[in-house]
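Everything on this sheet refers to the single structure shown next.
The values are calculated or read from the model by the stated rules, or taken from the named source; none is laboratory data. These numbers were taken from a predicted model, which means no experiment stands behind them. Backbone-built Cβ (ideal geometry, glycine too); neighbour counts: all protein chains shown. For accessibility, only protein heavy atoms count, side chains too; no ligands or nucleic acids. Shrake-Rupley method; radii C 1.70, N 1.55, O 1.52, S 1.80 Å.
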Amino acid sequence: AEGFDIYRLDAPAALPTPIAAPGPSAIVAKDDPVPEGLQVSDYSPYDGLRPRWWFPHVAIDSQRTELGVITSGWDPLLRHIYYLDLGYDFSNQSVVGSVDYIYDRFYPTFKLHASRSNSLYLESNDDLQRVTNSDTYLAEMVLPYLQYRRDITLHAAAYTVRDADDWTATGVAPQADRTDNVLGYAFVYDSTRRYPLSISRSRGVQLSVAAETSDAIDGSDYSGEVYTLDGRAFLSLAGEHVLALRLAGGWGSASPRSFRLGGSVSASSAPLPLDPALLNSPFNQREFALRGYDSGLVELTGRRMLLASAEWRFPLARIERGYMAPPMAIHQVYGSVFAETGDAWDTGRSPGDYSTGAGVEANAEVNLFYDLAFHLRLGYAYGFADNGSNQVYLQLGSSF
């Protein structure tokens, strides 16, 4: 390994004889004498934290053109882990992205998160009237109970979301900056599995339940509680085919930040040496993709929401070929046919009319630099309701 010397034991009583010396340090037993010219020092994580890989941040559809870079790093003992996703939205002329830090030396695990995203608001005639920057700062504690067939994690967090207008259309009055200070608790159960030759997660259930309040911390411009549930099931069919199902719901009391449905943006799939549940927080879930509908529609905004999705995922080709220069390969390609429906509303126990969309996607698993696998998704979606649209999008990350 780079940075270590390798020794051969010629006889039980002999000192190690070096056969290679690429670095300044050596691996020796605790009671062995240190070979002359070598140094021994206490463990330090800092030399191993610099990033050693990157791949692009890509999210392109009719409302945004986000391009950037994603990277992460961790020390050899996985005590310190960070993740950086930085991009620029050329359509809305704004910086977007996030940075996460995970400290995993003791129990429980601690996380810090900061991010900026763009929220779009449309008029009743679907013209863009406002672009808002949403800045989130979160501190989270995670108590994992990891088992062979299932993972259970308990979460507690405090976070702040600050919304400020970045752009308004001519004649539209700017809104005052708004702050939401939230305290939340969550439970996540995950028994999903993905096998080496699977095209996606192919069996199991993932369930996330969160309860949050804007009344526990002073200084919030919002009030009330928000409860969210996000359930996903993956059923294995014959020949690596997968039926993926999702049901998500949200319920807000008093005057919370609204739920918003629309668009096709999903979380990116960055390679990390830990359970993805530690990076993907169950808190602050207010925006949900509804393919076939633009993000920011008035009809799909409210303090309560319901969303259901179904996807049939099927293999197309297992290529497993690549190039030495540039070092890039395609592992496999698969397609999906999906349908989803949802709505958001303010009063009552159920929505008025659901907005339904359907479409197809082509998915490729790409490998960069021999070891970095990521998911590239090209899709077309059509919304059947009056406020629906034809959407073509290219993104990193699976739909769910």
- Residues that are modelled with pLDDT of 85 or more and open to solvent by 40 Å² or more (accessible area, probe 1.4 Å), drawn from segment 254-269: 254, 255, 258
- Of the residues in segment 149-163 that are in contact with a Ser or Thr (Cβ under 7 Å, 6 or more places away or on another chain) and open to solvent by 20 Å² or more (accessible area, probe 1.4 Å), the one that is nearest to residue 114 (Cα to Cα) is 160
- Query: Which residue, of 177, 190, 230, is open to solvent by 40 Å² or more (accessible area, probe 1.4 Å) and of a type in the set (Asp, Glu)?
  - Reply: 177
- Search result, residues across segment 57-98 that are within 15 Å of the chain's Cα centre (by Cα), over 20 Å from residue 110 (Cα atoms) and open to solvent by 40 Å² or more (accessible area, probe 1.4 Å): 69, 86
- For segment 276-330 the number of residues that are exposed (fewer than 15 other Cβ atoms within 10 Å of the Cβ), in contact with a His (Cβ under 8 Å, 6 or more places away or on another chain) and among the small types (Gly, Ala, Ser) is 0
